[in-house]
């Protein structure tokens, strides 16, 4: 009996956005003190931007604001050997208008702890994705 090995297929930008919209939790990848860093984030897609929240951390907020970041999310089923991964890359800008923050966060799940938060919007300049299929 032979089994077909899984294959990686490139996703179109439209497919990548559709899949990304299904996953409210991802990872933001950024540079911290000249080193790559990754933090889990809650996010949503809104008006062409990836909007994400971080806990109140002034140092992290300063590192993110105006910087090029990547938001990555995925889904994988080990039993079926299937899944996908999507990355969106662009410049993160902190959302500071209180009304805009309130409007954006109402579409997002709550943070893991109630410690206040900062909201960022990133318009993807690069969107990539792959799907694992048999």
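The values are calculated or read from the model by the stated rules, or taken from the named source; none is laboratory data. Keep in mind the model is a prediction, meaning the values are calculated, not measured. Counting neighbours? That spans all protein chains shown, and the Cβs are built from the backbone with ideal geometry, glycine included.
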- Item | Only one of 39, 27, 53 that is in a strand (DSSP E or B), surrounded by 12 or more Cβ atoms within 10 Å (Cβ to Cβ) and modelled with pLDDT under 90 | 53
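Of all residues in the stretch 13-40, how many are more than 12 Å from residue 88 (Cβ to Cβ) and in contact with a strand residue (DSSP E or B) (Cβ under 8 Å, 6 or more places away or on another chain)? Outline the logic, then answer.
At the first step, the residues of the stretch 13-40 found to be more than 12 Å from residue 88 (Cβ to Cβ) are 14-15, 18, 22, 24-25, 30-40.
Add one more test, that the residue is in contact with a strand residue (DSSP E or B) (Cβ under 8 Å, 6 or more places away or on another chain), and what stays is 15, 22, 24-25, 30-31, 36-40.
The qualifying residues number 11.
Here is a yes/no grid of residues against (1) modelled with pLDDT of 95 or more; (2) in a loop (DSSP other than H, G, I, E, B); (3) more than 15 Å from the chain's Cα centre (by Cα); (4) surrounded by 11 or more Cβ atoms within 10 Å (Cβ to Cβ):
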position	(1), (2), (3), (4)
5	no, yes, yes, no
14	no, no, yes, no
17	no, no, no, yes
59	no, no, yes, no
63	no, no, yes, yes
87	yes, no, no, yes
- Check whether at least one residue in the stretch 60-73 is closer than 18 Å to residue 132 by Cβ and touching a strand residue (DSSP E or B) at 6+ places or on another chain (Cβ under 8 Å), and report yes or no. yes
- Message: Can you tell me which residue is modelled with the lowest pLDDT among those in the stretch 96-116 that are more than 16 Å from the chain's Cα centre (by Cα), surrounded by 11 or more Cβ atoms within 10 Å (Cβ to Cβ) and closer than 19 Å to residue 66 by Cβ?
- Response: 101
- Flag if residue 69 is out of contact with any helix residue (DSSP H, G or I) (no Cβ under 9 Å at 6 or more places or on another chain) and surrounded by 17 or more Cβ atoms within 10 Å (Cβ to Cβ): yes
- Note on the structure: The condition of being under 11 Å from residue 121 (Cα atoms) and touching a helix residue (DSSP H, G or I) at 6+ places or on another chain (Cβ under 7 Å) holds, among 86, 101, 51, only for 51
